[in-house]
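Here is the structure we will look at, set down as structure tokens.
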Amino acid sequence: MYKLEGSENMDEENNKKSKKKDEVTIHFENGEQGTTGTIHGLSKAFNPPKKKSDRRSPEIKQMEKHVGGKVASISKYWNSRLGVLMLSTLPDFIDSKDFEVISEVRWTRWGEVKEAPTYSLVELGDGETVQVMSEGQILVKTENGPMVFAAEVDGDGDLRMRISFRTGSKDVVASAKGYLDDFIEFAWANSPLRGKAWKADFSWILRTGVIDEPYLTDRVKVKLDLHAHTFIRNLADITETNLKSSRGIILSGPPGCGKTMAIKAMIESYPDTTFIVMTSEHLQRRCVRNIYDMARRLAPAVVVLEDIDSAGGLSRKVASHPILGEVLQALNGVSENKGVFTIATTNFVEDLDDALRDRPGRFDVIVTIGLPDSDARYPMLEKHCQVNGISPTEKELTRLVSATKGFSGAWLEEVFSTATLVAMHNDRKKLHWSDILAAVEDIQERRQVAYEKTPTLPAPPSRDSMSGDLYR
């Protein structure tokens with residue numbers, strides 16, 4: 001049995017001020033007399049001195065060691081799809097600046113575990129792919145001191161490019177900001193999006209090299225060549241003329257008459273021009289403005305606003321449209337669309353706002369692509385017959401042209417799809433001319449149903465009429 005006592009209760013020697021504070025006297029009771037002793041340094045054992053804590057993670061320690069001091073950073077972010085395309089140019093940017101690459105690394109578990117960077121396989125259009133760093137750091141030496149270029153994924157999925165540098169020097173801070181600005185300009189100048197065809201969600205539109213021209217009337221062909229093809233062919237040199245460096249046309253007409261085919265033909269005809277296709281699902285706030293910002297950077301470029309009437313009509317006559325102002329601003333706002341040509345398609349041009357359809361500088365021309373006349377239907381049907389292995393006489397083909405009056409290009413194609421089903425229904429693989437005629441008749445009936453009023457259920461009988469044995 002033992003107990004601890006304060007040194008002030010012991011002998012006089014223990015009360016001397018010169019005595020070290022860490023002395024502890026212990027009295028052991030053993031019978032009547034007991035034993036007393038003093039142990040030095042025991043208080044340190046019970047209360048060891050606290051070490052100065054270093055809360056820096058291994059990641060921060062390495063970065064500070066690399067840059068030679070405390071670390072600060074600047075950054076820029078993009079959505080994930082655009083971000084990987086921007087960062088695909090980072091290795092070439094580092095080479096262009098003659099930076100010395102020291103190492104590449106990725107830190108996980110809040111900067112505690114050191115691993116290799118993460119790379120993603122990214123499609124660059126036209127069948128090209130490249131490995132792009134999606135998470136990791138590149139430690140480099142620049143002419144303005146060591147820095148760290150990093151690719152990071154934000155919590156909302158955006159991809160961020162960060163440049164870290166040593167604090168305390170205005171020259172270093174200015175250099176880091178300059179490098180970030182230089183990278184953004186370099187990335188756009190060398191962007192995989194340049195000269196490619198793609199949708200507003202950054203999915204690629206494959207160019208096949210085959211130009212499939214729609215069958216249009218001579219009048220429409222002349223207008224398209226004058227107001228579209230001539231401008232697109234000369235987009236790169238347009239600034240040397242008196243023309244405004246931006247222009248727009250509206251392709252109007254019923255569905256299935258060749259508006260989309262005309263645009264596809266343009267995409268194939270100009271393989272070095274950037275084409276950006278926006279459908280109604282992309283006509284959203286900020287998206288229109290962002291697309292035109294990119295188009296200006298990638299000029300010469302063509303922006304296609306497909307089925308613009310399906311986005312609520314884009315007219316103030318119906319209601320206050322949420323994005324009409326943004327479309328108007330994008331087409332003819334403060335920022336000039338140098339080298340940008342706009343094509344809009346619509347099935348109902350009368351639903352568009354007057355500020356769109358009757359305002360040069362936004363849309364300068366409306367080209368109506370109507371239903372194909374007999375002169376256009378003849379070669380269209382002749383081509384379909386050849387593709388499907390049918391050789392009609394000239395008389396039969398002329399009759400077919402007459403029988404398909406009022407058919408759009410899409411319905412002419414449907415004639416042969418339906419004829420194939422008729423042949424399969426009769427256990428045949430080869431089409432007969434009778435299958436074509438049966439298909440035309442079937443389509444005529446189907447189209448008639450499309451314009452009939454939907455039948456409704458009759459009203460229930462009145463209470464007075466509900467009599468007799470049946471209701472008892």
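The values are calculated or read from the model by the stated rules, or taken from the named source; none is laboratory data. Quick caveat, the model's predicted, so the values are computed rather than measured. So basically every Cβ, Gly included, is an ideal-geometry build from the backbone, and we count neighbours across all protein chains shown.
At-a-glance table
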quantity	calculated
Flag for Val132 being modelled with pLDDT of 95 or more, loosely packed, with under 15 Cβ neighbours inside 10 Å and touching a helix residue (DSSP H, G or I) at 6+ places or on another chain (Cβ under 8 Å)	no
Subset of the stretch 94-111 [aliphatic (A, V, I, L, M) and closer than 15 Å to His66 by Cβ]	Val101, Ile102, Val105
In the stretch 166-204, the residues that are part of a helix (DSSP H, G or I) and acidic (Asp, Glu)	Asp171, Asp181, Asp182, Glu185
Contacts under 6 angstrom Cβ, first residue in the stretch 69-82 being under 12 Å from Ala151 (Cα atoms), partner of a type in the set (Lys, Arg) and surrounded by 15 or more Cβ atoms within 10 Å (Cβ to Cβ), 6 or more apart	Ser75/Arg160; Ser75/Arg162; Tyr77/Arg160
Whichever residue in the stretch 338-385 is closer than 18 Å to Leu226 by Cβ and among the polar types (S, T, N, Q) and, among such residues, is surrounded by the most Cβ atoms within 10 Å (Cβ to Cβ)	Thr342
Unique residue being surrounded by 17 or more Cβ atoms within 10 Å (Cβ to Cβ), modelled with pLDDT of 95 or more and not assigned by TED's automatic domain parsing to the domain that holds Arg162 when the list is Ala176, Ala228, Ala197	Ala197
Within the stretch 78-114, tally of residues that are under 13 Å from Asn190 (Cα atoms) and among the polar types (S, T, N, Q)	3
Those residues of the stretch 289-302 which are under 12 Å from the mean Cα position of the chain (by Cα) and among the aliphatic types (A, V, I, L, M), in sequence order	Ile291, Met294
Any hit, the stretch 430-443, residues being modelled with pLDDT of 95 or more, in a helix (DSSP H, G or I), touching a Lys or Arg at 6+ places or on another chain (Cβ under 9 Å) and of a type in the set (Val, Ile, Thr)	no
Index of the failed condition, Thr398 passing every other in (1) within 24 Å of Leu224 (Cβ to Cβ); (2) in a helix (DSSP H, G or I)	(1)
Residue in the stretch 205-226 that is farther than 29 Å from Gln329 by Cβ, touching a Phe, Trp or Tyr at 6+ places or on another chain (Cβ under 6 Å) and part of a helix (DSSP H, G or I) present	no
Flag if Arg446 is touching a Leu at 6+ places or on another chain (Cβ under 7 Å), in a helix (DSSP H, G or I) and closer than 30 Å to Ile263 by Cβ	no
Qualifying positions in the stretch 393-416 - exposed (fewer than 12 other Cβ atoms within 10 Å of the Cβ) and either in contact (Cβ under 8 Å) with a residue 60 or more places away in the chain or more than 14 Å from Arg377 (Cα to Cα) (or both)	Thr393, Lys395
Test result for Thr230, without any contact (Cβ under 8 Å) to a residue 60 or more places away in the chain, hydroxyl-bearing (Ser, Thr, Tyr) and within 30 Å of Arg377 (Cβ to Cβ)	yes
Residues of the stretch 71-103 that turn out to be surrounded by fewer than 18 Cβ atoms within 10 Å (Cβ to Cβ), under 22 Å from Gly155 (Cβ atoms) and not hydrophobic (A, V, I, L, M, F, W, C), as a count	7
